[in-house]
Amino acid sequence: MRRLTGMEASVSLKRRGFFPRGGGEITLTVSPKERLAAFRMLERGDVVELQGIVLGSEQTLKELQSSLLQTLREEPALGNLSLQLSQEVIAASVSSAAVVIWAKTEGGCVLGASALSEKRVNPHQLAGQAVESLRESLSHGGCVDEHMQDQANSFASSCA
């Protein structure tokens, strides 16, 4: 956001929360600014980078990572890109797992997707859901994914 609007903000994750219990905690720090700079983002360009994170029990992580890499290789538009992937082990008492992936483009756009399992984890199915969601976001040709599109209106109303 700083690059586009001049807004200074940072987010710090204190604790993750998972559906249905929740319990996540973040700290958001935003420096006040009288007026945000207006910007145009009209050209997405090609995807140049993929990043992601997988979260789950130690037992689930390896299979989830493998399934995600295999599913991405099968996607024509994404299969030739390398994936920068991090992992996070979550407590065994949390029966959830998650995949979050995002694509960065030549035009500076970032489009994201995620998938969350509630109980029993089928790593291949979970990875497939996340990749399918990203593929759909990329297929429409826009500069933002469906989630950012919803949020953009509040920023647009604050810009000069």
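The values are calculated or read from the model by the stated rules, or taken from the named source; none is laboratory data. Predicted model, so just to flag it, every value in this text is computed and none were measured. Reconstructed Cβ throughout: ideal geometry from the backbone, glycine too, with neighbour counts over all protein chains shown. When the accessible area is computed, the model is the full protein with side chains, heavy atoms only, and any ligands, DNA or RNA have been set aside. Shrake-Rupley method; radii C 1.70, N 1.55, O 1.52, S 1.80 Å.
General observations
- Relative contact order of the stretch 1-138, taken over Cα pairs closer than 8 Å and 6 or more residues apart, is 23 percent.
- For VAL89, neighbours were defined as the other residues whose beta-carbon sits under 15 Å from its Cβ, and their charges (Lys and Arg +1, Asp and Glu -1) total 0.
- Solvent-accessible area of GLU63 with every protein chain in place, 1.4 Å probe, in Å² to the nearest 10: 110
- Each of the peptides 34-46, 67-79 was scored by the mean count of other Cβ atoms within 10 Å over its residues; in descending order, highest first, they stand as 67-79, 34-46.
- A P(r) calculated from all alpha carbon pairs of the stretch 38-91, with 5 Å bins opening at zero, reads 4, 17, 23, 17, 13, 11, 8, 5, 2, 0 percent.
- Potential extension, ALA152-MET41 segment - 0.36 nm per residue separation minus Cα distance: 38.8 nm
- Dipole-positive endmost among ALA115, SER67, SER133 within the stretch 1-148 (Cβ charges, Cα centre): ALA115
- With both labels modelled 7 Å from their Cα along Cα-to-Cβ, the LEU116 to GLU25 distance reads 1.9 nm.
- Given their separation in residues at 0.36 nm each and the Cα-Cα distance between them, ARG3 and GLN125 gain 40.3 nm when the chain is fully extended.
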